[in-house]
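To start, the structure under review is shown below, and the notes come after it.
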Amino acid sequence: MKNVSTLCVFLLLTACIPLKKLAKLPEILNENSGIIAVKDGIWLLNDSGNEANLYKTDFEGKIIRKLVISNATNIDWEELCADSSGNFYLADIGNNANRRKDLCIYKIENPELHYRESTFAEKIQFYYPEQETFPPLPYELYYDAEAMIALGNSLYIFTKNRSRPNDGYILCYQLPQNPGKDIAAKYINSFRLKQRGFIYSITAAAISPDKKTLVLMAMGKLHIFSEFQSPNFFGSKKVKHHLLPFTQKESISFFNENTLLISDEKSPLGKARLYKIKIK
């Protein structure tokens, strides 16, 4: 945020698809970085330095549940998604400096099926086989990530490029949904962004309920991929790109086939909020 000029913000705000404000989020969710929409509200998590909890709010931003993940540590939680069976996946995959050797995804039972105050998580501990040094050289800083979806029996991670100079590549990796240790993430393919840098780096992902549309979000842009054969999302026959009003957006989820819910963090531009956007 501090590195974005007033001019960049002005330019983004002048040619963007509109976001409808739904609610201000409570202070405890000022650093939210993952969201799942359910029938009567949303589940959210916070990123690094916060407690290992999930929070559920209604659509007006009121907290209605807190769920403690009893055996988890929030090193750098960056994404939240669910599989077709309703299991939740909490992605501890933030890796700003590309130094981490303890990347982990926590798998928990769908919290909508119980009302316990805490739950136990299974762990999917993994690594990127292509990363050989920690950290890599500046032009190979590809192994940070803030975006993940669940599809079929797999999880798909979309990396956040921190290479210097930034070459714009997003890498897609595949993982099993089963718990385990020392799992090698499988490289699938890559996509090159035309616009690069902080406000265009990928911070969240979502897959539509019909599994036919993938959305990757940056703080200032939305990328929509459709007519693909998974896992080749980047081989989509239809790709659309939309500018977004700039805020520190790190969470996105489909509410239905046509509607996305987006949340952002508290920043100098304003309080953390929940938004919705129509994409069809």
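A compact table of results
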quantity	calculated
Qualifying residue in region 237-249 (condition: of a type outside the set (D, E), at pLDDT 95 or above, part of a strand (DSSP E or B) and touching a Pro at 6+ places or on another chain (Cβ under 7 Å))	no
Number of the exception - Y115 against (1) under 25 Å from N53 (Cα atoms); (2) part of a strand (DSSP E or B)	(2)
Qualifying positions in region 131-169 - touching a residue at least 60 places away in the same chain (Cβ under 8 Å) and surrounded by 14 or more Cβ atoms within 10 Å (Cβ to Cβ)	A145, E146, A147, M148, I149, A150, L151, S154, L155, Y156, I157, R162
Odd one out for N95 among (1) buried (at least 21 other Cβ atoms within 10 Å of the Cβ); (2) part of a strand (DSSP E or B); (3) over 12 Å from the mean Cα position of the chain (by Cα)	(2)
Any hit, region 73-95, residues being without any contact (Cβ under 8 Å) to a residue 24 or more places away in the chain, within 29 Å of P129 (Cβ to Cβ) and of a type in the set (S, T, N, Q)	yes
Boolean, S85 is among the hydroxyl-bearing types (S, T, Y), over 18 Å from the mean Cα position of the chain (by Cα) and under 23 Å from F254 (Cα atoms)	yes
Test: residue in region 227-235 that is part of a strand (DSSP E or B), buried (at least 18 other Cβ atoms within 10 Å of the Cβ) and either small (G, A, S) or in contact (Cβ under 8 Å) with a residue 60 or more places away in the chain (or both)	no
The lone exception for L261 - which of (1) among the hydrophobic types (A, V, I, L, M, F, W, C); (2) touching a Lys or Arg at 6+ places or on another chain (Cβ under 8 Å); (3) surrounded by fewer than 19 Cβ atoms within 10 Å (Cβ to Cβ) it fails	(3)
Residue that is surrounded by the most Cβ atoms within 10 Å (Cβ to Cβ) [pool: residues in region 175-214 that are assigned to a strand (DSSP E or B) and either charged (D, E, K, R) or at pLDDT below 95 (or both)]	K186
Unmet criterion (only one of (1) surrounded by fewer than 19 Cβ atoms within 10 Å (Cβ to Cβ); (2) under 30 Å from K101 (Cα atoms); (3) touching a strand residue (DSSP E or B) at 6+ places or on another chain (Cβ under 9 Å)) for M217	(1)
Check on F88, touching a helix residue (DSSP H, G or I) at 6+ places or on another chain (Cβ under 9 Å) and at pLDDT 95 or above	yes
Hits in region 41-63 - residues which are buried (at least 19 other Cβ atoms within 10 Å of the Cβ) and touching a Gly at 6+ places or on another chain (Cβ under 6 Å)	L45, K56, T57
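The values are calculated or read from the model by the stated rules, or taken from the named source; none is laboratory data. Computed from a predicted structure; not experimentally measured. Cβ atoms come from the backbone with ideal geometry, glycine included; neighbour counts cover every protein chain shown.
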